[in-house]
Amino acid sequence: MNKKVGIVMGSTSDLEVMKGSFEILDQFGVEYEKKVYSAHRTPEALGAWMAGARQRGIAAFIAGAGGAAHLAGVVASHTTLPVIGVPIMSKAMRGLDSLLSTVQMPSGIPVATVAIDGAKNAALLAIEILAVTDETLQEKLHLFREEQAKKILETEI
């Protein structure tokens, strides 16, 4: 079974940012599931989705939420698989509230946290996690990094 990434966002308002994860995962040919579940408004549905994740081939999660961004932590409380939190920009505090809600996890329940609106980096981190045991992904990552460097070196100002 191919390993997949589970992507969850707290509301459809997070979709524009989280599309960055879809784009990167598609670019690398990594399968994923995407869902909208609120840590506060739909905790039972989130728990039910999480319950069968390993059996469905999910090997890592990306959780994006804004404001009181507890989603990544709630996801992490349901699994021992890696969880990557994406704090989403908010109006009130420009995403600082989301960042702090995501990164301040209690000891024993880790959540890797990327930058505010960092959905693309979250996908790349998930791919790096999968690549630990997948040589094809290792090679794709190597080529991706080489291409990044090439674009910078070819830039004329």
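The table below lists the values:
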{"quantity": "Members of the stretch 75-98 found to be touching a residue at least 40 places away in the same chain (Cβ under 8 Å) and open to solvent by 30 Å² or more (accessible area, probe 1.4 Å), listed by number", "calculated": "P82, M89"}
{"quantity": "Qualifying position, being touching a Gly at 6+ places or on another chain (Cβ under 7 Å), farther than 24 Å from G47 by Cβ and of a type in the set (K, R), among K140, K150, K120", "calculated": "K120"}
{"quantity": "Search result, residues across the stretch 133-157 that are acidic (D, E) and either loosely packed, with under 11 Cβ neighbours inside 10 Å or in contact with a strand residue (DSSP E or B) (Cβ under 8 Å, 6 or more places away or on another chain) (or both)", "calculated": "E135, E146, E147, E154, E156"}
{"quantity": "Within the stretch 52-73, tally of residues that are of a type outside the set (G, A, S), surrounded by fewer than 24 Cβ atoms within 10 Å (Cβ to Cβ) and within 19 Å of V36 (Cβ to Cβ)", "calculated": "3"}
{"quantity": "Subset tally (residues that are outside any loop (DSSP other than H, G, I, E, B), under 14 Å from the mean Cα position of the chain (by Cα) and surrounded by 15 or more Cβ atoms within 10 Å (Cβ to Cβ)) for the stretch 29-51", "calculated": "4"}
{"quantity": "Matching residues, the stretch 28-58, being closer than 29 Å to E147 by Cβ and free of Cβ contacts under 8 Å to residues at least 40 places away in the same chain", "calculated": "E31, Y32, E33, K34"}
{"quantity": "Neighbours by Cβ (under 9 Å, 6+ apart or cross-chain): first from the stretch 142-153, under 15 Å from A131 (Cβ atoms); second open to solvent by 100 Å² or more (accessible area, probe 1.4 Å) and assigned to a helix (DSSP H, G or I)", "calculated": "F144/Q27"}
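The values are calculated or read from the model by the stated rules, or taken from the named source; none is laboratory data. Model, not experiment: these values are computed from the prediction. Don't worry about glycine lacking a Cβ; one is built from the backbone with ideal geometry, like all the others, and counts go over all protein chains shown. We work out accessible area using only protein heavy atoms, side chains counted, and drop any ligands, DNA or RNA first. Shrake-Rupley method; radii C 1.70, N 1.55, O 1.52, S 1.80 Å.
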